[in-house]
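What follows is a single structure, written as structure tokens, with notes after it.
The values are calculated or read from the model by the stated rules, or taken from the named source; none is laboratory data. What you see is a predicted model, and the numbers here were worked out from it, not measured in a lab. Here Cβ is always computed from backbone atoms with ideal geometry, including for glycine, and neighbour counts include all displayed protein chains. Keep in mind that these areas ignore ligands, DNA and RNA; they rest on the heavy atoms of the full protein, side chains included. Shrake-Rupley method; radii C 1.70, N 1.55, O 1.52, S 1.80 Å.
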Amino acid sequence: MTPAAAITPVWWAHDRLMLIDQTLLPAREVERACARWEDVAEAIRSLVVRGAPAIGVAAAYGVALAARASRATTVDALLADVETASKGLAATRPTAVNLFWALERVRHAGRQARGLSPDDVRARLLAEAHAIRAEDLAANQAMGAHGAALVPAHARILTHCNAGALATAGYGTALGVIRAAHAQGKVARVWVDETRPVMQGSRLTAWELVREGIPHRLIADAVAGSLMARGEVDLVVTGADRIAANGDTANKIGTYPLAVLAQHHGVPFYVAAPSSTIDPALPSGEHIPIEERDAAEVRQVGAQQTAPAESPVFNPAFDVTPARMIAAIITERGVFRPPYAFA
Ligand code: MRU
């Protein structure tokens, strides 16, 4: 069998940011072009592009687009336009720190280039976005190698949400570890949580695993506990949206209950994330802002209404898993064990 082409969710072509529209997967594979930073902001807000590292990469290109569109003839005026775009992009989603990290990196590159011409500054900003994308891909591949070493032979691995190629510049974090372990012949099966309410597991993770012929079974989120009780899960690995200095980790809603179940059943619970997901400024997870999303995500499944329109909804998109429940945090720098102290 010929290997499936690598999944590239975010790329630059013909002066535009290109995205795979993740809201349409798995039914349709549609490319979306963003010509303005406002298009990028809208794509992040509406989950056309999602997953912490992918959001950061897209936002960096958003700043580069803002600089290209700016009519400024001085560097100061150009950087003022860059600030406006950065603020707009930062206001899209609050939890994944990669967004703010990437925006700060491109803004810093712009400030460093102050002595150059406006066009050279524009070129520097785009080059920084390219660098962020390339570094993320390399980080994921390194993480895959570090994480695969933790996976035993014949492993049955449970994952939640989509921390795959689609959520990054490519290859994935948690799914990168699974990809690398699969390449070493160690994966017997991946249990894929469907991940209500937005279904990133069933729509996106399952799509990636089907493309690459990695053995998996899709499960409703409620199934994980009974699987662990029957001894059918050897490890859990998820991604992260923000990791506090003490290792407390925000990830897709439903991750914390999985960690509780894993602890109860003696199953190791791992987190895989690049250093850009670590927020050393936050001492612990209680300080991580948790996004609340639209009630429609819970009242409907797709276009189908599944609850009374009058029912009030609570729809947090993320939860926080305490560091003590995390057996290891896998980054591109290696495998970290508790007690965590990220600086
Ligand atoms: O709301 P989403 O789909 O952006 O949430 C994504 C997650 O929670 C992922 O697990 C996380 O961003 C890590 S992606 C490598």
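I need the trypsin sites (Lys or Arg not before Pro) found in segment 92-133, filtered to DSSP loop residues with at most 12 other beta carbons within 10 Å of theirs. Kindly include the intermediate steps, with their values, before the conclusion.
Numbers: sites: Arg105, Arg107, Arg111, Arg114, Arg122, Arg124, Arg133; in loops: Arg114.
Sparse-neighbourhood loop trypsin sites (Lys or Arg not before Pro): Arg114.
Per residue, the accessible area of the chain comes to 41 Å² when a 1.4 Å probe rolls over the protein heavy atoms. Helix 52-69: angle to the longest alpha-carbon principal axis of the chain, degrees 0 to 90, nearest 10? Relative to the chain, helix 52-69 is tipped by roughly 10 degrees. Which value, in Å to one decimal place, does the Kirkwood hydrodynamic radius take for segment 4-141 when every pair of different Cα atoms is included? It is 14.9 Å.
Descending by average beta-carbon neighbour count within 10 Å, the peptides 254-266, 197-209, 164-176 line up as 164-176, 197-209, 254-266, the highest first.
For the chain, modelled as a GNM whose springs connect Cα atoms under 10 angstrom apart, the maximal fluctuation among Ala72, Ala43, Ala272 occurs at Ala72.
Positive contributions from Lys and Arg (+1) and negative ones from Asp and Glu (-1), summed over other residues with Cβ under 14 Å from the Cβ of Ile214, come out at +4. Computed over segment 118-197, the alpha-carbon pair-distance distribution with 10 angstrom bins reads 19, 38, 23, 12, 6, 1, each value a whole percent.
For the chain, the longest principal axis of the C-alpha atoms and the axis of helix 75-90 are separated by about 30°.
Roll a 1.4 angstrom probe over the protein heavy atoms and tell me the percent of accessible area of segment 149-336 that is carbon or sulfur. Each step should come with its number before you reach the end.
Values: 3860 of 7100 Å².
Carbon and sulfur together cover 54 percent of it.
Given +1 on the Cβ of Lys and Arg, -1 on the Cβ of Asp and Glu, and no further charges, what dipole in debye does the chain carry about its Cα centre, rounded to the nearest 20? In total the dipole reaches around 480 debye. In the chain, Rg over Rh equals 0.98, where Rg is the alpha-carbon radius of gyration and Rh the Kirkwood radius from pairwise Cα distances. In degrees, nearest 10, range 0 to 90: what is the angle between the Cα axis of helix 174-183 and the longest Cα principal axis of the chain? Value to nearest ten degrees: 60.
A dipole drawn for the chain from +1 and -1 charges on Cβ atoms has a positive end, and of Ala131, Gln305, Ala72 the residue lying farthest that way is Ala131.
Charged side chains reduced to their Cβ positions (Lys and Arg at +1, Asp and Glu at -1) give segment 1-141 a dipole of some 160 debye around its Cα centre. Quarter the surface of the alpha carbon convex hull of segment 149-336 and you get the mean projected area, 10.9 square nanometres.
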